[in-house]
Amino acid sequence: MVKFKNTEDKISIYKLNTPEEILKYYKNWSANNNYEKDLEDWNYHAPLLSCQFFTSQKIDQNSLILDAGCGTGLVGKILKDKGYNNVEGLDFSNEMLDLIPYDIYKKAYQADLNKKLQIPDNFYDHALCVGTFTYGHVRAKAFDEFHRILKNSSYFVFSINEGVFKSYGFDKAISKFEENKKWSVISLEKKIYIEKKDIEAYYVLVKIMK
Ligand SMILES: C[S@@+](CC[C@H](N)C(=O)[O-])C[C@H]1O[C@@H](n2cnc3c(N)ncnc32)[C@H](O)[C@@H]1O
């Protein structure tokens with residue numbers, strides 16, 4: 001018999017729904033950098049795995065990259081170590097942004113990925129969005145904005161918490177973008193996400209088509 005895995009009960013932030021609740025949670029979680037301490041204790045694999053998918057494509061180190069939902073900069077730190085020096089970070093929470101070390105991103109700014117972004121069309125060469133497609137955070141509708149701000153042939157890597165993959169319609173949205181020739185899916189793999197909480201994520205690498 002297949003045992004039902006109730007991912008929603010594993011971390012208290014997964015119970016929140018409104019932007020106000022999410023922002024308040026991150027304000028408290030970022031205090032004393034408890035966010036990074038917790039995720040290190042829980043063996044959070046998403047930044048490293050996502051960057052491995054990204055760098056598998058031999059992307060030019062000078063290309064302009066967006067780390068969307070960058071939080072405290074865990075993805076940016078890995079990209080910097082790998083030689084990418086033209087990376088910008090975007091996050092909803094100013095308190096998370098405040099914790100980013102000064103030399104990780106060329107620029108880091110506040111924005112809401114569930115809304116229209118103040119970013120021109122075809123602006124970024126590539127993007128990552130790690131840990132941010134999860135309960136109560138950013139919806140699949142945001143794919144429209146990623147498609148708009150990225151260029152033709154851009155790579156886009158993102159993780160989706162296994163608990164919301166079907167229930168929030170990410171599975172259908174990914175397929176629909178492929179059917180409509182808005183991107184081609186290069187890989188979609190379910191792998192470990194937060195090990196000590198026994199949560200997996202779908203890691204998706206797509207190439208934008210325009
Ligand atoms: C689990 S953290 C992941 C942060 C970082 N990418 C990492 O892997 O450590 C999720 C991040 O998504 C951000 N976030 C939540 N809702 C958002 C929204 N609507 N727009 C942009 N960022 C959002 C949060 O502020 C938080 O920093």
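Is it true that Phe146 is closer than 26 Å to Glu21 by Cβ, touching a residue at least 40 places away in the same chain (Cβ under 8 Å) and touching a Cys at 6+ places or on another chain (Cβ under 7 Å)? It is false that Phe146 is closer than 26 Å to Glu21 by Cβ, touching a residue at least 40 places away in the same chain (Cβ under 8 Å) and touching a Cys at 6+ places or on another chain (Cβ under 7 Å). Residues considered: Asn43, Asn34. Of these, the only one that is farther than 20 Å from Tyr105 by Cβ, more than 11 Å from the ligand (Cβ to nearest atom) and either free of Cβ contacts under 8 Å to residues at least 24 places away in the same chain or surrounded by 21 or more Cβ atoms within 10 Å (Cβ to Cβ) (or both) is Asn34. For Leu79, the conditions (1) surrounded by fewer than 22 Cβ atoms within 10 Å (Cβ to Cβ); (2) under 20 Å from Glu36 (Cβ atoms); (3) more than 9 Å from the ligand (Cβ to nearest atom) are fulfilled apart from (1).
Scan segment 149-181 for residues that are more than 25 Å from Ile11 (Cα to Cα) and more than 17 Å from the chain's Cα centre (by Cα) and jot them down. Hits for segment 149-181 are Lys151, Asn152, Ser153, Lys172, Ser175, Lys176, Phe177, Glu178, Glu179, Asn180, Lys181. When segment 58-76 is filtered for residues that are more than 11 Å from the ligand (Cβ to nearest atom) and either in a helix (DSSP H, G or I) or of a type outside the set (Lys, Arg) (or both), the ones remaining, listed by number, are Ile59, Asp60, Gln61, Asn62, Ser63, Leu64, Ile65, Leu66. Looking at Ala127, Ala111, just one residue is surrounded by fewer than 19 Cβ atoms within 10 Å (Cβ to Cβ), touching a strand residue (DSSP E or B) at 6+ places or on another chain (Cβ under 6 Å) and small (Gly, Ala, Ser), and that residue is Ala111.
Thr55 passes every criterion in (1) under 16 Å from the mean Cα position of the chain (by Cα); (2) touching a residue at least 40 places away in the same chain (Cβ under 8 Å); (3) more than 10 Å from the ligand (Cβ to nearest atom) apart from (2).
All of the numbers you see were taken from the coordinates with simple rules; none came from a lab. Since this is a predicted model, take the numbers as computed values, not measurements. Methodologically, a virtual Cβ is constructed for each residue, glycine included, from the backbone with ideal geometry; neighbour enumeration extends over all protein chains shown.
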